[in-house]
Structures are given as C-alpha cells and as structure tokens.
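Asks: This is the structure I want to talk about, given as structure tokens.
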There are 4 protein chains.
Amino acid sequence: MATTGVMRPGHVQVRVLDMDESIHFYGNVLGLVETGRDAAGRVYFKAWDEHDHHSVILRQADSAGMDFIGFKVRDRATLEKLDADLQAYGVKTERIAAGDLLETGERVRFVIPTGHTVELYAEKTCVGNSQSNTNPDPWTAEAEHGMAPIRFDHALLYGPDIDGNLKLFTEVLGFYLVERVLLEDGKSLLAIFISCGHKAHDLAFVRHPEPNKLHHISFLLQSWEKVLRAADLMSMNRVPIDIGPTRHGITRGATIYAFDPSGNRFETFAQGYETYPDYPTKTWTFEEVGTGIFYHDRQLNERFLSVVT
Amino acid sequence: MATTGVMRPGHVQVRVLDMDESIHFYGNVLGLVETGRDAAGRVYFKAWDEHDHHSVILRQADSAGMDFIGFKVRDRATLEKLDADLQAYGVKTERIAAGDLLETGERVRFVIPTGHTVELYAEKTCVGNSQSNTNPDPWTAEAEHGMAPIRFDHALLYGPDIDGNLKLFTEVLGFYLVERVLLEDGKSLLAIFISCGHKAHDLAFVRHPEPNKLHHISFLLQSWEKVLRAADLMSMNRVPIDIGPTRHGITRGATIYAFDPSGNRFETFAQGYETYPDYPTKTWTFEEVGTGIFYHDRQLNERFLSVVT
Amino acid sequence: MATTGVMRPGHVQVRVLDMDESIHFYGNVLGLVETGRDAAGRVYFKAWDEHDHHSVILRQADSAGMDFIGFKVRDRATLEKLDADLQAYGVKTERIAAGDLLETGERVRFVIPTGHTVELYAEKTCVGNSQSNTNPDPWTAEAEHGMAPIRFDHALLYGPDIDGNLKLFTEVLGFYLVERVLLEDGKSLLAIFISCGHKAHDLAFVRHPEPNKLHHISFLLQSWEKVLRAADLMSMNRVPIDIGPTRHGITRGATIYAFDPSGNRFETFAQGYETYPDYPTKTWTFEEVGTGIFYHDRQLNERFLSVVT
Amino acid sequence: MATTGVMRPGHVQVRVLDMDESIHFYGNVLGLVETGRDAAGRVYFKAWDEHDHHSVILRQADSAGMDFIGFKVRDRATLEKLDADLQAYGVKTERIAAGDLLETGERVRFVIPTGHTVELYAEKTCVGNSQSNTNPDPWTAEAEHGMAPIRFDHALLYGPDIDGNLKLFTEVLGFYLVERVLLEDGKSLLAIFISCGHKAHDLAFVRHPEPNKLHHISFLLQSWEKVLRAADLMSMNRVPIDIGPTRHGITRGATIYAFDPSGNRFETFAQGYETYPDYPTKTWTFEEVGTGIFYHDRQLNERFLSVVT
C-alpha cells in the first residue's frame, strides 16, 4: 500500500484566553467551520474542505499555547503497531479513550524530546466537506467565509532537543527530513522540516531553550491571491500581522504570520512545493537563515526567534 | 514508513513522428529540460523542478501514442515485492535491464487489462532541479523557459477493461479510487481516477473500445496565472488547443488540453485538490459527466471521447 | 483640464423577458447592487465599486436587447456644447428630462449611424461605493457577492454603418480609434474599438447587416483569478457560457462571454491594457480576426458573428 | 476631445552613482529596455509595453535623486497654452530645445512650490512596444526579462509646500485630487495624490521640511502574482527591499518598495483602482495614516518618512 503509517496532522488543541472572542475569530475571521462543543467546554472546528469532524480544538485556559497535536494514521492496525514501535523505542505511551475528543477514536499519546505532546489516532468521523460526494462543485460558499483555509496544514514547534525529535520521527514514525537549517558550527541543527507524505512539511521544529512551545499552527490557502485576501481581512479585522505577505525560502511557501486574540501565532500560506522521500534534503547555512525564513527581507525579525506560546 | 510502495508516475515514453520538431516543442515550447539522448535515438527530458534524470522520453515512430508509463517505487525491496505480488495475482512480468533507459535501474514491466504497458522501477539518477540543495532560490530561469511545468503529473489512458485496471491497481499496487464516473446504468464505470499518494490522480482511465490508447499526459503548472501564460504561449507557437483554459469538475484542476506536433494530447494544469486514502470517493453520474470533465461548458466536446493516440 | 468631454460609459438600459428572474440574476449571480426601482417598473443596479447611482437599468419587454447606452460627460457646459456640436454635425438630438431615470439629470439622446440610441448626461447622484470616503478599506463584502464586477465597462454593438459611427465618435465626441479589424479587402472595417479615455475600449462596433443590435455588455473584474471564480459561479448557477475563460487578442482582455436569462450576452473580464490617444492604432487583418477575437482558439465560433439581441 | 491637456507622466531623470551598475540594474534586474545613450552620457530606458522612446533617463552624479519629471501633453498647441497659463499664474518657465533629450521635442520646464523641477512636452518619437501594430501578441519575451514593468507609472515627491503644488496642479495643469492625508489638526495636508486621467495617482506629494526630494518612482506590474515574482527577483539579485509585498490603503495598490543601487527608492505595484474627476476625494485621518500607507501593517515604518534622495 502506497500510503501507510502516519498520514497527516489531523488535529491540534490550542489554548485560548477568552472563548467567545476566540470562537468569533476562528469561525468568522479565520473562517473555519464550527462542528461541535463538548462537555468540557471545548469548541471544535474544521477547514471547509476537510472531511474529518475537526482539525482545531479550542480550550479556554489561563495561558495560550498548544496542548497537543494529533496525527491520523492509516488504520487501527497501524495505530497498534506504531504504539508498540514507540514503546520498543523507549517512548512511554498513554491511551486516551475513544470519545474523549468528539467523534474521535482511541488515541495513543506520548511526549516527544522537545516536550510537546503528540497523539496518534486512526478513527475520526468523516462529516464531509460541506457538499455532496456526488457531482460536487469545486467550492462552496464556505470557501469565502473569512480567510477560509483549505486545511490545517502543519505546526512549527520550539524546544531544546530537536535532534531527539528528528530521530524519533524518522526512525519510528516514518517521517523524512525535507529541509534543515544549520547553526554556526555548520553541523548542529537549528531547525528541521519533516514530512510524512508529499507536503514539504507536516511538522517542523526550531531549537529553543524552553520546551513545549508553539511557534505557529499553519493553514493552507488556495493561491497567492488568497494570501492577499487573507492579509486584507486581517487588517479589516484588526488582526495583528507578524510578517507578510512574503515568501519563505524554506519550503517556498507564500505566507503571512499573524496572531490569534490570545497571542498564538498562526500562518496562512499558499504554494510551496511537493516532495517525496527520495528527494535530496535541502540545507540552509546559518548565514542564510534569514533568507531561508523570510526570503524577501533576507533577515529574521526579532519576533520569529523569541515570541512563542 | 509513511510513504511506501509505489511513489509516483516517474516517466512516460511517447512516440513522435518527427524528432527534430518534437525536440523543439518539448524543449522550447512546453519548456522541459533535455537531459540526454541514447543510442536508440531516444531523447530524454525532465521538468525543471524534478530531481530525477528524466520524466519524458521521446521515441520517433510511424504513429503517435504512448509506449509505456513507469512508476517509481520506494526502494529495491519494494520492487521485488511488487513483482512477486503481480505474479501471484496472475500478471506476467518482464525485467528490463538497468541502463536500457539512461540513468535508470532495472524495471519490472507488465501489461495491464486495458492493454497499456506499465513499468515499476526503484532507481534513477538524481540530477537535481537545476540549483544547489544548499540555500536554494524558490525558482530558476528554467521556470520561465516555455510553459515550464513543475513536473510530469499523470496520464489519462483509454481502453476497454477499466474494471480490471481498478482491481489490479488497488489490490496489488496500493492505489485508491479518488473519483469515478458512472455509465447510464448507474453502476458500470465510465472512468476512474486513482492515486498512490496525495494527488487527486496519479493515473486515470476511461472506458473505450480500443485497447492501449493515450488520451493525454499531464504536466503541473504553479498557478492559474501560469495556465493563462501557457495558453498564450500555445497561441504564440501555433499549438493546437483542444479546450481551455477551463476547470475540471473532477479533481478541480484548472486546465488546458492541447496537442503536441505528432497529435499526442497533453495537459497543462494547476490547482486541483490533495487527497488521502481515507477520504470518500467522489462519484459523477452519467448525466453530469460533461460538468465533471469540463466544469464551465458542462458538456463534453466530441474530441474528448474520440481523439486518442 | 486633462479629462474633458465624454468621460465614460455610465449606463446601459437592457431589455429582459422576466423581471423577477433577471433581478435575481443581475443582483445575486452577476452580483450587482440594486439601487432603485421606478414607476415604470425599471430596476436599477450599480457595480459595487461604482459611485454613481446606477449603471445598469433593466426593463421588462417582449424581446431582449439594449434600449440605449449613456455616457457621462464632464459637466453641464460640456453637455450643452456636445449637443450643439452634434446638431452642427447633422445629428438630430432629443432632450430627456431630468428624473426620467432615477437620480439622473437631463439627457441628450440621439441615434448613431448603426441605429443604436446613445445618450449623454452630466449629472447622476453619487451614492458612493458602499463604504466611507474616510479611511476606506480596499474592498467590502459586496466585492464577493456573486461575480461582483468592479464596474460596467463597455459595450460591443452590431450594425451596418460602423464607418459613420467612427466618424461621429472621433470627430464630434472626442473618442479615438484604439484597434480595428479589416475585411478581406484589407481596407474596409469589420470592427472598431474606440476609447474616450485610457481604457482600450469604452465602446466597440462590428459591421453587421441588421441595425441596432447588442453583442454584449461588459463588466470588469479585478484579476484573472476572479475570471475563474466568475466561470465557476456561472456553472454553479447554470449560466450558459458562450466562450471562456480565454484571452482576447484585441485589447488583451482575459474574458468570459455568457448569456443572461433573456439571452443578452454579457462579458466578465480582467486585465487588458491602458492606452492614450497618441498611441498607434492596432490593426487586425481579416485572416487573423479569429486570433484577434479569441486569442487561444485562433478562430471565431459561429455564435460570435450571429447571436445578437 | 475627451483627453486633453496633460496626458501622463512621460519621463523621469534619475541621478545614479555608478552608471555601469545602474545600467545592469535598470536593464536586467528591473527589466526596462535600453533605447539610447546621449553625448552627455545619459542612458535611456523604456518599459516594454510603452510606445514612446523613453521614460527613465539615468544621469551619473555624486548624489542620488531626481533631476526632473516630465509630463506629456496632448499636442503642441496644448504645450503653448499651458506655458502661457503657467506664466499667467506666476510660474517662471524655461524652454529646453528639442533634441536635448533624445527623440524628444521642445520642453517647458518650471519649478513647483516643493522645489521639484517639472517639464511638459508634446513630442517624443514613438518607437513602439517591441512588436508589430498588426496582429500583435498580448506580450513578448521582454515582458519576462527582469521584473519587466508595463510602464513608468508615477512618482511620490517630498517637499514643504504641498498646498502650493495642489493649487498649481489642479488650477493650472488640470489635475484633480484623488486622495489626501490630513495632519493631526484634521485640516492641514500631510499628503496628496493627484491624477490627470483615470489613474488613482499620476503624481503624489508628502509634506517634508526639505525641498526637492524624491521618495520613489513607481512602475506598474500586470498582477499580484507579478508582484511576488518581482519580490523573488529582488531577493535573487540582492536588491534591498524597503517593504512588501503588501497593500496600500491609499490607492489600493499591491506593492513593493525597494532601492536601486544608488539608494533611490522605487516601487513595483499592481492593481489599485481607476478613477474619474467626478468621483469623491478620499480622506485619510492622521490616526489612520499608517493603515493608509501600509494597509496590512497599519503603521508606518521609520524609513517611509525619513529616507529620501
């Protein structure tokens, strides 16, 4: 079977400071579709063109940040095998019962070397992308409600031991290294961009002293023109833009970074390239890291390295 | 490992009537990069952003059409396993020695139920996408030489037994059915679009009385604006356009069909969606097949069903 | 004063067969903004980014077509002068009282050599483009309601004596000839594209045996991506598309022709070039008229020359 | 006649520090077409789609900046009339003989209240836009050589007495005020954007203590995608980007500011709106000037107000 193991990032649970404000932001400004609320007060969203029940879960808390990120695996047998592989590798795993997240099967949860909580799951109710699977139109009205991303795409996480992450994700979970940024010594890793499929990144890590930090969660738009539209909507809605519209050298994405009302950074981007595991890894030297991150400015802004949640 | 088995369509060998004219067309008008010529007189091309040595091979012949399409598999062990699986399934396979195609390892060749010749291979020299893998720019001058597709993307083939193809590709080769078109009876298949990864189609088949026919080979462009640019270049170079720019309902691609100097149809397209094997299959009813194929015109043109090579 | 005389096409009155259906079409599918209805049952619309009260007036009638097209002139003195100039040239003019069209001043009406009724007027209430003139955003929600053109842009009219029109519009009304198409004899005019400002055409005529016919009224979109969006919306709403998305050679517009529910052809287009009266006139020979009209197909379709209202 | 008086900005003479480096920059990176060199060592360029002999003249000097900006008027009689009108208004004018600039007729030169030198001229040789005026294609290879703007579009100039400029340009030269920015007092002008045709600005001024300063000269691109392409080319060629890609609130342009090798700021932009003299003037309050200038960031950067040449 050509697609096996881990398929894609399937959900992320984000902490927000004010739920009402956040529901408005994620639903009407970012333009996700609300799909449910649970007994714990969590609110569930999906991008309009996603089929599974949810990809973003909001939880009200005293501090912003990410609780966990979950990856959907190919099937139940894969989940069991990967759990066993993780344990064999020395990772302690925990089972979260089906139903803990709405419409979601049992999850295997573990902490990765950078301190982030990661989950695997095989089952989530397919609720469809808001249209029939018979003779569908290419898009619906929801594709123009707010920024209206196509999908939750990836996350960039900050923490100290990204070498440990790289080893875990490539040796146990079937990811491969697409791009990397080196430190001044020309050997140590500053950042890694890893994929479990064709995307230039399904997950990325930057070396950072503090563990378990979120740099941004990312949403895919259809085109560079939709990136301009998103930037316009951000300004209309007084969303603080970090940087952009601009281009990443790394992964080639055409992008904006901005902040949700709680200070969590998010990205809306388009383009980028598709890759395969037999393609050569791309390397960015320390001197060119600015160009790699912000291709047009060719220098990092202070916020990129310091503001995380 | 997340990406296993068959990875992607890696090459297609096309018959052309006049090699000089075709070299000019594929190199300067379509805008592929010539990478070699072999003792048999075949000429090899790749798209600028592809890494492997070639994806299109031209062979001079008395009639146009496709000799074979080849898929790259994950590694040598996969090649052996799939060969064994094919034989176990009852498909007769043949080995083509490494080096028969330039810079290409051993190939496993077989004929599929629609009469087309398909190959699997695990090795082809990585020649790179015309730039360094260290601190690369997002594109190079080659990205603007002719229509300059990013990659050879897929092929649409015509033949009688597409049910047999569907069974073979899904049960043995790990593909899955992304979209399908039904005949008047609401049950029989008129067309199938199958994927071995995230693409909405890596291969497609339409039911047709004559076996082993080529409808089109397809090349991916970066954006809808590049589709307009391609159409303009076609007109500047007197390339006969079949239809487009337009939209497909099926796979959502924004597209042009046109003909190479030998009468082989090719497609240049952008957009479309990405998919996963757990997504629901989309179905087009016979009454809406026109909308499925040409979303804007909502009817087939006569050529779509009749002109093949 | 740099802009004097005739400024722009300001309104067109179109005959429709069913008013309710047409109100839905022009308001929700094409996406104009309804601004009023008068005692005669006429319904008024403007494009979202237009400032004057209306640019399209619908009148219910037994046959489709155009009643008249009106051009806004710089001021009241210009209106008087042009009326006098027209009469001096031998054109009989008529005054239509202020208020006959809602929010519109007195109009000078006359019939041009091709039999079409043309009007000049200096005053129409400025109702604004749906947002404040203080600190405005670049667009509003109305910019995404239906196809949402930016403005009524021009019309293409069919009739016999286009030479007479050319003389009248250039010698009396200050237009200039931007592009022209010649007949087989290499001298006679098949079509003319004339401008009163920077637009590649504010008005165009094609030679045709029957007088006073409408080929299409045209609406400007923001971008080629909006042209694709418009084509998608046409298909979603079962609007019959004549041709497109495609490119015009003449004026370079990226375009779609389609039909309103009464059979009146309309165009939604983007791009094209801007011009000035000192620029050289472009000429299309009869052999290349197909390329001039439909740049990608390089041949006329039968409908272009025969279907008018 | 609908277009009279001043037609458009026709040329700008820019001082550069190193001519060889500048020829490479303007010719290969910005992508203008070199059209001549004169005895004084000046080098002439035009945008690919412009018809007149030149629009940008480079002069080697010890300091960067703009020598003068010239506007083409409708004809010789207009030139004489405007000269007389200027003198009657109290502006001292000077005649520069035909031939002083290559292929250019006599010029009327004067200094405006902000200290800038402005010229009017009626004649410049039409050299064409690099293709035939018979059956032309929509673009040529030159449209993809460097950033390849369509035209020199406007300039933004800095100086103290912008009120004097506004009066001169609107009362004598036929311009009209399209947008304005107010100072803290809600009455005084910080900036004005004026047009002599349909463009949202043919010229703009910002109040600044020092006279005769250049903020930027501006070049029009075809689309927002071409803006991204320009930004990519800037980075590939190590052109210092000031800001962008971003959006202006004022005029709605989608834009990049960057610097030529001598430190002269230039703009490459697309979109924006078209206007007419009867449209209402748009006003930006002092609190929203940041949003007006840089719509996405909603704040000025320090350079916008301080770096001029």
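The values are calculated or read from the model by the stated rules, or taken from the named source; none is laboratory data. Because the structure is predicted, anything quoted here is derived from the model rather than measured. Cβ: placed from backbone, ideal geometry, glycine included. Neighbour counts: every protein chain shown.
Asks: Can you go through D:ASP67, D:ASP62, D:ASP83 and tell me which one is in a helix (DSSP H, G or I), touching a residue at least 12 places away in the same chain (Cβ under 8 Å), among the charged types (D, E, K, R) and more than 11 Å from chain C (Cβ to nearest Cβ)?
Replies: Numbers: D:ASP67 fails: in a helix (DSSP H, G or I); D:ASP62 fails: in a helix (DSSP H, G or I).
Exactly one of D:ASP67, D:ASP62, D:ASP83 is in a helix (DSSP H, G or I), touching a residue at least 12 places away in the same chain (Cβ under 8 Å), among the charged types (D, E, K, R) and more than 11 Å from chain C (Cβ to nearest Cβ), namely D:ASP83.
Asks: Do we find a residue being out of contact with any strand residue (DSSP E or B) (no Cβ under 9 Å at 6 or more places or on another chain) and either of a type in the set (Ser, Thr, Tyr) or surrounded by fewer than 23 Cβ atoms within 10 Å (Cβ to Cβ) (or both) anywhere in the range D:109-125?
Replies: If we filter the range D:109-125 for residues that are out of contact with any strand residue (DSSP E or B) (no Cβ under 9 Å at 6 or more places or on another chain), which is where we start, we get none.
No, every residue in the range D:109-125 fails to be out of contact with any strand residue (DSSP E or B) (no Cβ under 9 Å at 6 or more places or on another chain) and either of a type in the set (Ser, Thr, Tyr) or surrounded by fewer than 23 Cβ atoms within 10 Å (Cβ to Cβ) (or both).
Asks: In the range C:1-57, what count of residues is obtained for those that are closer than 16 Å to C:LEU101 by Cβ and over 20 Å from the mean Cα position of the chain (by Cα)?
Replies: Within the range C:1-57, residues that are closer than 16 Å to C:LEU101 by Cβ and over 20 Å from the mean Cα position of the chain (by Cα) number 6.
Asks: Does C:THR281 count as over 18 Å from C:LEU32 (Cβ atoms) and either surrounded by fewer than 21 Cβ atoms within 10 Å (Cβ to Cβ) or not assigned by TED's automatic domain parsing to the domain that holds C:ALA204 (or both)?
Replies: Values: over 18 Å from C:LEU32 (Cβ atoms): yes; either surrounded by fewer than 21 Cβ atoms within 10 Å (Cβ to Cβ) or not assigned by TED's automatic domain parsing to the domain that holds C:ALA204 (or both): yes.
Yes: the conditions hold for C:THR281.
Asks: Kindly establish whether A:GLY244 is surrounded by fewer than 24 Cβ atoms within 10 Å (Cβ to Cβ) and either on the phi < 0 side of the Ramachandran plot or not acidic (Asp, Glu) (or both). Walk me through it before giving the result.
Replies: Values: surrounded by fewer than 24 Cβ atoms within 10 Å (Cβ to Cβ): no; either on the phi < 0 side of the Ramachandran plot or not acidic (Asp, Glu) (or both): yes.
Here the answer is no, as A:GLY244 does not meet what is asked.
Asks: Do the conditions hold for A:ALA98, that is, is it in a loop (DSSP other than H, G, I, E, B) and either more than 30 Å from C:MET234 (Cβ to Cβ) or in contact with a strand residue (DSSP E or B) (Cβ under 9 Å, 6 or more places away or on another chain) (or both)? Walk me through it before giving the result.
Replies: On the way: in a loop (DSSP other than H, G, I, E, B): yes; either more than 30 Å from C:MET234 (Cβ to Cβ) or in contact with a strand residue (DSSP E or B) (Cβ under 9 Å, 6 or more places away or on another chain) (or both): yes.
Yes; evaluated as a whole, the condition is true for this residue.
Asks: Spot the failing condition for D:VAL227; the list is (1) within 19 Å of the chain's Cα centre (by Cα); (2) outside any helix (DSSP H, G or I), and only one is missed.
Replies: Failed condition: (2).
Asks: Could you go through the range C:19-35 and let me know if any residue there is among the small types (Gly, Ala, Ser) and farther than 19 Å from C:PRO240 by Cβ.
Replies: Restricting attention to the range C:19-35, the residues satisfying the condition of being among the small types (Gly, Ala, Ser) are C:22, C:27, C:31.
Narrowing further to those that are farther than 19 Å from C:PRO240 by Cβ: none.
No.
Asks: Further, regarding this structure: Exactly one condition in (1) β-branched (Val, Ile, Thr); (2) part of a strand (DSSP E or B); (3) touching a helix residue (DSSP H, G or I) at 6+ places or on another chain (Cβ under 8 Å) is false for C:VAL91; which is it?
Replies: Answer for C:VAL91: the failing condition is (2).
Asks: Sort out which residues of the range C:101-119 are in a loop (DSSP other than H, G, I, E, B) and farther than 14 Å from C:VAL12 by Cα, and write them in order of number. Show your work before the answer.
Replies: Of the residues in the range C:101-119, the ones in a loop (DSSP other than H, G, I, E, B) are C:101-103, C:105-106, C:112-116.
Result: C:GLU103, C:GLY105, C:GLU106, C:ILE112, C:PRO113, C:THR114, C:GLY115.
To keep it simple, each residue is scored yes or no on (1) touching a residue at least 40 places away in the same chain (Cβ under 8 Å); (2) at the interface with chain D (Cβ under 10 Å from one of its Cβ atoms); (3) not in a helix (DSSP H, G or I).
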site	(1), (2), (3)
C:GLU142	yes, no, no
C:PRO149	yes, no, yes
C:ALA155	yes, no, yes
C:GLY164	yes, no, no
C:GLU184	yes, no, yes
C:LEU190	yes, no, yes
C:ILE194	no, no, yes
C:PHE205	yes, no, yes
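Asks: Right, here's the next one. Which residues, counting only those in the range C:269-309, are among the hydroxyl-bearing types (Ser, Thr, Tyr), in a loop (DSSP other than H, G, I, E, B) and touching a residue at least 60 places away in the same chain (Cβ under 8 Å)?
Replies: Our first condition is that a residue be among the hydroxyl-bearing types (Ser, Thr, Tyr); within the range C:269-309, this holds for C:273, C:275-276, C:279, C:281, C:283, C:285, C:291, C:295, C:306, C:309.
This time we only want the ones that are in a loop (DSSP other than H, G, I, E, B), so: C:273, C:275-276, C:279, C:281, C:285, C:295, C:309.
Of everything in the range C:269-309, those that are among the hydroxyl-bearing types (Ser, Thr, Tyr), in a loop (DSSP other than H, G, I, E, B) and touching a residue at least 60 places away in the same chain (Cβ under 8 Å) turn out to be C:TYR273, C:THR275, C:TYR276, C:TYR279, C:THR281, C:THR285, C:THR309.
Asks: So C:LEU214 passes all but one of these: (1) outside any strand (DSSP E or B); (2) away from chain D (no Cβ under 14 Å). Which condition number does it fail?
Replies: For C:LEU214, the failing item is (1).
Asks: Output the number of residues of the range D:1-45 satisfying the condition of being under 19 Å from D:PHE152 (Cα atoms), touching a residue at least 24 places away in the same chain (Cβ under 8 Å) and more than 13 Å from chain C (Cβ to nearest Cβ).
Replies: Number satisfying all stated conditions: 22.
Asks: Then there's this: Any residue at all in the range A:111-130 that's without any contact (Cβ under 8 Å) to a residue 12 or more places away in the chain and within 12 Å of chain B (Cβ to nearest Cβ)? Steps first, please.
Replies: Going residue by residue through the range A:111-130, those that are without any contact (Cβ under 8 Å) to a residue 12 or more places away in the chain are none.
For the range A:111-130, residues without any contact (Cβ under 8 Å) to a residue 12 or more places away in the chain and within 12 Å of chain B (Cβ to nearest Cβ): absent.
Asks: Just to check your reading of the model, which residue among A:PHE286, A:PHE266, A:PHE294 is crowded, with 23+ Cβ neighbours inside 10 Å and more than 25 Å from D:ALA258 (Cβ to Cβ)?
Replies: Numbers: A:PHE286 fails: crowded, with 23+ Cβ neighbours inside 10 Å; A:PHE294 fails: more than 25 Å from D:ALA258 (Cβ to Cβ).
Exactly one of A:PHE286, A:PHE266, A:PHE294 is crowded, with 23+ Cβ neighbours inside 10 Å and more than 25 Å from D:ALA258 (Cβ to Cβ), namely A:PHE266.
Asks: Out of the residues in the range B:230-244 that are among the hydrophobic types (A, V, I, L, M, F, W, C) and part of a helix (DSSP H, G or I), which is farthest from A:GLU225 (Cα to Cα)?
Replies: Residues of the range B:230-244 among the hydrophobic types (A, V, I, L, M, F, W, C): B:230-231, B:233-234, B:236, B:239, B:241, B:243.
Filter again for part of a helix (DSSP H, G or I), leaving B:230-231, B:233-234, B:236.
On the way: B:ALA230: 19, B:ALA231: 20, B:LEU233: 23, B:MET234: 25, B:MET236: 27 Å.
Among those that are among the hydrophobic types (A, V, I, L, M, F, W, C) and part of a helix (DSSP H, G or I), it is B:MET236.
Asks: Also, I was wondering about something else. So, in the range B:182-226, exactly how many residues are of a type in the set (Val, Ile, Thr) and more than 22 Å from B:ASP278 (Cβ to Cβ)?
Replies: Step one: of the range B:182-226, the residues of a type in the set (Val, Ile, Thr) are B:192, B:194, B:206, B:217.
From what's left, more than 22 Å from B:ASP278 (Cβ to Cβ): B:206, B:217.
The qualifying residues number 2.
Asks: Need the failing condition index for C:VAL307 against (1) touching a helix residue (DSSP H, G or I) at 6+ places or on another chain (Cβ under 6 Å); (2) under 22 Å from C:GLY65 (Cα atoms); (3) β-branched (Val, Ile, Thr), just the number.
Replies: (1)
Asks: Of all residues being more than 8 Å from chain B (Cβ to nearest Cβ), part of a strand (DSSP E or B) and in contact with a helix residue (DSSP H, G or I) (Cβ under 8 Å, 6 or more places away or on another chain) in the range A:245-254, which is farthest from B:GLY128 (Cα to Cα)? Just the residue, please. Outline the logic, then answer.
Replies: Going through the range A:245-254, the residues more than 8 Å from chain B (Cβ to nearest Cβ) turn out to be A:245-246, A:248, A:250-251, A:253-254.
From what is left, the residues that are part of a strand (DSSP E or B) are A:245-246, A:253-254.
Restricting the remaining residues to those that are in contact with a helix residue (DSSP H, G or I) (Cβ under 8 Å, 6 or more places away or on another chain) gives A:245-246, A:254.
On the way: A:PRO245: 29, A:THR246: 26, A:ALA254: 23 Å.
Among them, the one singled out is A:PRO245.
Asks: Can you pull out every residue in the range B:272-299 that is touching a helix residue (DSSP H, G or I) at 6+ places or on another chain (Cβ under 6 Å) and facing chain A (nearest Cβ under 10 Å)?
Replies: B:GLY272, B:TYR273, B:TRP284, B:GLY292, B:TYR295
Asks: Still on this structure, I have one more. When D:TYR257 is evaluated against the numbered criteria (1) buried (at least 24 other Cβ atoms within 10 Å of the Cβ); (2) in a helix (DSSP H, G or I), which criterion, by number, is the only one it fails?
Replies: (2)
Asks: Can you say whether D:LEU168 is more than 10 Å from every other protein chain (Cβ to nearest Cβ) and either touching a strand residue (DSSP E or B) at 6+ places or on another chain (Cβ under 6 Å) or not hydrophobic (A, V, I, L, M, F, W, C) (or both), as far as the supplied structure shows? Write out each step before concluding.
Replies: Working: more than 10 Å from every other protein chain (Cβ to nearest Cβ): yes; either touching a strand residue (DSSP E or B) at 6+ places or on another chain (Cβ under 6 Å) or not hydrophobic (A, V, I, L, M, F, W, C) (or both): no.
Spelling it out, it is not the case that D:LEU168 is more than 10 Å from every other protein chain (Cβ to nearest Cβ) and either touching a strand residue (DSSP E or B) at 6+ places or on another chain (Cβ under 6 Å) or not hydrophobic (A, V, I, L, M, F, W, C) (or both).
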